[in-house]
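This report refers to the structure that appears directly beneath it.
The values are calculated or read from the model by the stated rules, or taken from the named source; none is laboratory data. All figures in this text were calculated on a predicted structure; none of them were measured in a lab. When we count neighbours, we look across all protein chains shown, and the Cβ atoms used for this are built from the backbone with ideal geometry, even at glycine.
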Amino acid sequence: MRIDLSFGRGTLPLELPDDLDVTVVRKPDMPVLPDAPAAVARALASPVSARSLGEEARGARRACILVCDVTRPVPNGLLLAPIVRALLEAGLDAARIRVLVATGLHRPNLGAELEEVVGDPFVLRTVRVENHDARDDAAHVDLGPTAAGTPAKLDRRFVEADLKIVIGLVEPHFMAGYSGGRKVIAPGVAHRDTITTLHSARLMAHPRAVSCVLEGNPLHEEQLAIVAKLGRVLAANTVLDDRRRLSFVNFGEVVASHLEAVRFVERYAIVPVRRRFRTVVTSAAGHPLDRTYYQTVKGMVGPLDILADGSRLVVASSCSEGMGSREYVEAQRRFVAQGPEVFLSGLREKRFADVDEWQTQLQTKPMRLARVQLYAPGLSPEDAALTGVEVIRSIGEAVLASVRESGDRAVAVVPEGPYVVPVHRPEA
């Protein structure tokens with residue numbers, strides 16, 4: 001049996017013996033919009049809880065459009081040009097329209113990477129395209145703390161714009177429930193203090209801060225509280241199928257339109273599975289998500305609900321850019337040296353998390369249930385030693401070894417990684 005795992009810019013074939021009992025966990029077939037540009041035009045003209053984009057833009061003096069950074073495959077090439085053209089037609093001067101890359105605490109996107117993010121030369125020629133910098137204190141406006149005490153400090157360019165628009169991809173997110181919408185703002189264009197509070201151990205350890213959960217999710221609730229301080233914000237929300245084709249697009253008020261997109265995607269992303277498994281294979285979703293080990297952790301967390309105690313979890317990720325940020329490397333170095341329990345105990349009293357250590361914290365979740373093994377040809381031996389998991393050379397051999405050790409020939413494979421969330425439902 002051959003299964004193609006999402007990997008790098010293509011797929012990684014996995015050959016398994018036919019006598020194994022293999023469950024392939026995929027989304028149901030998603031609809032594909034036959035004319036994506038026409039669908040975008042309809043969305044901009046018929047928004048959710050808002051007027052058409054042209055009407056919303058009329059009278060505005062400055063517009064700021066947020067786009068996700070290169071770690072998200074958002075189809076900005078479909079959306080940015082028609083949005084910019086609508087703003088120009090509404091009377092905005094091109095010099096007063098800014099596209100801002102919502103990098104959070106990630107590095108800036110420059111050169112060819114920025115071209116990939118924007119996806120349209122017209123936009124790059126016509127308006128200013130800049131990167132957010134969470135470490136620049138003067139570049140942020142302090143809107144005051146939320147009721148729960150999270151500092152709401154956001155990029156001045158977005159706060160002071162008359163017309164605020166975000167463009168996002170709505171998919172499962174392993175902490176915030178779903179990506180897109182309010183998440184493009186916080187942490188997307190938030191100050192370091194805001195981001196490191198949102199990613200504090202207290203919030204990350206909450207039982208509702210998981211994939212596909214919004215109600216009662218403290219991270220989602222804090223994001224909404226921050227967005228509420230901005231006044232009116234609009235959003236374009238997209239959903240892609242497993243071949244990155246446009247399946248859904250809408251536009252409108254940021255909270256209402258995002259929830260409509262969530263209602264659409266949850267019918268496909270949440271996949272009921274009847275049993276738990278001793279052997280699970282997954283991916284880190286391929287490019288652009290699997291370029292670093294930092295992002296690969298999302299693939300480890302995705303199948304948590306179908307892992308049996310003492311199972312083996314095998315993850316495929318290209319890791320073509322290595323580990324990730326220097327702060328993340330330092331967190332992993334501490335994690336490997338101290339062990340999971342000592343590492344976690346050092347996080348609990350912090351008001352502000354250290355940059356990127358939250359990903360290390362979340363790595364401990366699958367490690368409590370499973371022996372985690374990683375196929376990552378892009379990692380050097382030095383980087384592999386910092387993962388804290390077992391790095392392997394063959395996924396197929398790891399699966400066969402797991403089957404032999406467990407005596408259970410049932411194997412689950414999640415080819416699309418964290419874009420699919422399997423849930424244990426015996427009655428399914």
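For this structure, a couple of remarks:
- Any hit, the stretch 185-196, residues being assigned to a strand (DSSP E or B) and surrounded by fewer than 24 Cβ atoms within 10 Å (Cβ to Cβ): no
- Count of residues meeting criterion [buried (at least 21 other Cβ atoms within 10 Å of the Cβ) and part of a loop (DSSP other than H, G, I, E, B)] in the stretch 111-137: 3
- Among the candidates Glu357, Glu397, Glu341, residue that is charged (D, E, K, R) and closer than 23 Å to Pro415 by Cα: Glu397
- Val170 at negative phi, in contact (Cβ under 8 Å) with a residue 24 or more places away in the chain and surrounded by fewer than 23 Cβ atoms within 10 Å (Cβ to Cβ): no
- Positions within the stretch 172-184 being part of a helix (DSSP H, G or I) and touching a Gly at 6+ places or on another chain (Cβ under 6 Å), in sequence order: Val184
- Close Cβ contacts (under 8 Å, 6 or more residues apart or on different chains) running from residues in the stretch 386-399 that are buried (at least 16 other Cβ atoms within 10 Å of the Cβ) to residues that are among the aromatic types (Phe, Trp, Tyr) comprise Thr387/Tyr293; Gly388/Phe335; Val391/Tyr375; Ile392/Tyr375; Ile395/Tyr375; Ala398/Tyr375.
- Screening the candidates Glu222, Glu171 for the property of being within 23 Å of Gly299 (Cα to Cα) and either of a type in the set (Asp, Glu) or touching a strand residue (DSSP E or B) at 6+ places or on another chain (Cβ under 9 Å) (or both) yields one hit, Glu171.
- The residue of the stretch 42-76 that is surrounded by the most Cβ atoms within 10 Å (Cβ to Cβ), among those that are farther than 20 Å from Val159 by Cα and within 19 Å of the chain's Cα centre (by Cα), is Val74.
- Filter pass, Cys68 being touching a residue at least 60 places away in the same chain (Cβ under 8 Å) and within 28 Å of Arg291 (Cα to Cα): yes
- When each of Glu327, Glu341, Glu349, Glu357 is tested for being touching a Phe, Trp or Tyr at 6+ places or on another chain (Cβ under 8 Å), over 22 Å from Gly417 (Cβ atoms) and in the same structural domain as Pro13 (by TED's automatic domain parsing), the lone residue that passes is Glu357.
- Test result for Gly231, more than 29 Å from Glu327 (Cβ to Cβ) and small (Gly, Ala, Ser): yes
- Checking each residue in the stretch 197-208 for being among the aliphatic types (A, V, I, L, M) and either at pLDDT below 95 or assigned to a loop (DSSP other than H, G, I, E, B) (or both) picks out Ala201, Leu203, Met204, Ala205.
- Residue within the stretch 301-309 that is buried (at least 16 other Cβ atoms within 10 Å of the Cβ) and under 15 Å from Leu386 (Cα atoms) present: no
- One residue stands out among those in the stretch 90-110 that are crowded, with 21+ Cβ neighbours inside 10 Å and of a type in the set (A, V, I, L, M): the one that is nearest to Asp354 (Cα to Cα), which is Ala102.
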